[in-house]
1. Which count do you get for residues in the stretch 127-157 that are buried (at least 16 other Cβ atoms within 10 Å of the Cβ), touching a residue at least 40 places away in the same chain (Cβ under 8 Å) and part of a helix (DSSP H, G or I)?
2. Looking only at the stretch 99-126, how many residues end up being out of contact with any helix residue (DSSP H, G or I) (no Cβ under 8 Å at 6 or more places or on another chain) and without any contact (Cβ under 8 Å) to a residue 12 or more places away in the chain?
3. Identify all residues within the stretch 259-274 that are among the aliphatic types (A, V, I, L, M) and modelled with pLDDT under 95; write none if there are none.
4. Hey, among the residues in the stretch 42-95 that are among the polar types (S, T, N, Q) and surrounded by 11 or more Cβ atoms within 10 Å (Cβ to Cβ), which one's nearest to residue 107 (Cα to Cα)?
5. Can you tell me how many residues in the stretch 55-77 are among the charged types (D, E, K, R) and either touching a Ser or Thr at 6+ places or on another chain (Cβ under 9 Å) or not assigned by TED's automatic domain parsing to the domain that holds residue 101 (or both)?
6. Kindly indicate which of 226, 245 is within 29 Å of residue 134 (Cβ to Cβ) and among the basic types (Lys, Arg).
7. Got at least one residue in the stretch 73-82 being at pLDDT below 90, farther than 20 Å from residue 261 by Cβ and either in a helix (DSSP H, G or I) or out of contact with any strand residue (DSSP E or B) (no Cβ under 8 Å at 6 or more places or on another chain) (or both)?
8. Where residues in the stretch 158-196 are surrounded by 12 or more Cβ atoms within 10 Å (Cβ to Cβ) and among the β-branched types (Val, Ile, Thr), which of them is nearest to residue 268 (Cα to Cα)?
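The values are calculated or read from the model by the stated rules, or taken from the named source; none is laboratory data. Computed from a prediction, not measured in an experiment: that's the story for all the values here. Glycine gets a Cβ as well: all are built from the backbone with ideal geometry, and neighbour counts include every protein chain shown.
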Amino acid sequence: MTNQQSLNSVDMLLNMGPQHPSTHGVFRMVLQIDGERVIDVDPYIGYLHRGSEKLSEGEQYAQIVTLFDRLDYLANFNNELVFCMAVEKLMEVEIPERAEYIRVILCELNRIASHFLFYGTMGMDAGASTPILYGFRDREKIQSVFESVSGARMMHNYFRIGGVKEDLPTDFFEKIYWLIDEIKKGVDQADSLLSFNEIFLNRTRNIGLINAEDAIDFGLTGPNLRASGVSYDLRKNDPYSIYERFDFDIPVGDRGDVWDRYFVRVQEIRESVK
């Protein structure tokens, strides 16, 4: 006999990915869903497995930096930094103070650029087409600074074991002061356009809830972990490079829903420009 529960529950298998015309670096997920509720998910990493570890075995340490650029094309500088720091620690190399500051500045700009792209694509996924135009506009300003520093918009290959490839351009700080003002205006505009839009709130509030305990159990890190109410940021809790010299707050969420994961990133942009 068919009961009421079986009548109301129709699970569906949905393949998400691996290729999508608008994105890079995605993977395949096989979702078991009941309406809009995800019951189970099987991830298939596929082409995201680049074999970087094996490739690194045949390279000299200095050559491996280029491979780390490609681990996350939205966080090139940050990936370069972690590898260089690991080798520097093994070699007990002392980094020039100027190089440390250059690294931090570029890593934080990289973080902001990544968050602006998240803002734009998040709005697009929620049904708003305008935010992605603003997100790409503001990200492009940062990309132009990266290009002036490293000669490349992406895959910068600028950090070196022991420092950086070369000093900053002579007009760098003039551009940075202008860029900081532009970022502040951009994030204010983005915030007012999307963050508290009623339709956006209805589509993101209390959706995809992940509490603090589950976030830790699932191994979430970065903004996604902090969105679940866990005030943990390596730059603050276990500072590397020279992050202990900087004063900034750690934005956290209070629900662990989709909106918190979005808004934590908006707030992190404000903290990074400090």
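1. So the answer is 8.
2. Within the stretch 99-126, the first condition is being out of contact with any helix residue (DSSP H, G or I) (no Cβ under 8 Å at 6 or more places or on another chain), and the residues that meet it are 99-102, 114, 125.
Now drop any that are not without any contact (Cβ under 8 Å) to a residue 12 or more places away in the chain, which leaves 125.
Within the stretch 99-126, residues that are out of contact with any helix residue (DSSP H, G or I) (no Cβ under 8 Å at 6 or more places or on another chain) and without any contact (Cβ under 8 Å) to a residue 12 or more places away in the chain number 1.
3. Of all residues in the stretch 259-274, those among the aliphatic types (A, V, I, L, M) come to 264, 266, 269, 273.
Once the filter is applied, which keeps residues that are among the aliphatic types (A, V, I, L, M) and modelled with pLDDT under 95, the stretch 259-274 yields only 273.
4. So in the stretch 42-95, the residues among the polar types (S, T, N, Q) come out as 52, 56, 60, 63, 66, 76, 78-79.
Filter once more, keeping what is surrounded by 11 or more Cβ atoms within 10 Å (Cβ to Cβ): 52, 56, 63, 66, 76, 78-79.
Numbers: 52: 22, 56: 23, 63: 20, 66: 16, 76: 8, 78: 5, 79: 9 Å.
The qualifying residue nearest to residue 107 (Cα to Cα) is 78.
5. The initial filter retains those residues of the stretch 55-77 that are among the charged types (D, E, K, R), namely 57, 59, 69-70, 72.
Retained after the next criterion (residues that are either touching a Ser or Thr at 6+ places or on another chain (Cβ under 9 Å) or not assigned by TED's automatic domain parsing to the domain that holds residue 101 (or both)): 59, 70, 72.
Result for the stretch 55-77: 3.
6. Details: 245 fails: within 29 Å of residue 134 (Cβ to Cβ).
After ruling out the rest, the residue left standing is 226.
7. Checking the stretch 73-82: at least one residue is at pLDDT below 90, farther than 20 Å from residue 261 by Cβ and either in a helix (DSSP H, G or I) or out of contact with any strand residue (DSSP E or B) (no Cβ under 8 Å at 6 or more places or on another chain) (or both).
8. 187
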